[in-house]
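The structure under discussion appears below in the form of structure tokens.
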Amino acid sequence: MANPFHYYVELRNSSGTTLCTHVIAHSEFEAMVLAGERNPGFRALFARREW
């Protein structure tokens, strides 16, 4: 498989608190899933590839 990329992921919880994190993944979808798993109670809004 290709080398993974760095992604910036923005998450939000039910009370409206926003959390931003960085994830290393192979795709935007995988980055959003990983960020959601690492931050219980938050759902991913979007992922953006960095550099």
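The values are calculated or read from the model by the stated rules, or taken from the named source; none is laboratory data. These numbers were taken from a predicted model, which means no experiment stands behind them. Every residue, glycine as well, gets a Cβ built from its backbone with ideal geometry; the counts of neighbours run over all protein chains shown. SASA here: full protein model, heavy atoms, side chains in, ligands and nucleic acids out. Shrake-Rupley method; radii C 1.70, N 1.55, O 1.52, S 1.80 Å.
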Checklist line | the chain: mean projected area of Cα convex hull, nm² | finding: 3.2
Notebook entry, point to check: To the nearest 10 square angstrom, how much accessible area does S27 have with a 1.4 angstrom probe?
Noted result: 50
Note to self: Counting only other residues whose beta carbon sits under 12 Å from that of T17, what net charge do I get with K and R as +1, D and E as -1?
What the structure shows: +1
Item checked: Per residue, in Å², the accessible surface of the chain once ligands and nucleic acids are set aside, probe 1.4 Å -> 70
Next item on the list: Quick one: compute the contact order of the chain, relative version, from alpha carbon pairs under 8 angstrom and 6+ residues apart, as a percent.
Entry: 45
Check: Roughly how many percent of the accessible protein surface of the chain is carbon and sulfur, given a 1.4 Å probe and a whole-percent answer?
Finding: 54
Notebook entry, point to check: How far, in degrees from 0 to 90, does helix 28-38 lean away from the longest principal axis of the Cα atoms of the chain, to the nearest 10?
Noted result: 50
Next item on the list: Enumerate the calculated ³J(HN,Hα) couplings along region 12-25 in order (Karplus 6.51 cos²θ - 1.76 cosθ + 1.60, θ = phi - 60°), each rounded to whole Hz, writing x wherever the residue is Gly or Pro.
Entry: 9, 9, 5, 8, x, 6, 9, 10, 10, 9, 10, 9, 9, 8
Next item on the list: Would you pull out the residues with amide H under 5 Å of L45's amide H, same chain only if 5 or more places away, H placed 1.01 Å from N?
Entry: E10, L11, R12
Check: Under unit Cβ charges (Lys, Arg +1; Asp, Glu -1), what dipole magnitude, rounded to 20 debye, does the chain have relative to its Cα centre?
Finding: 120
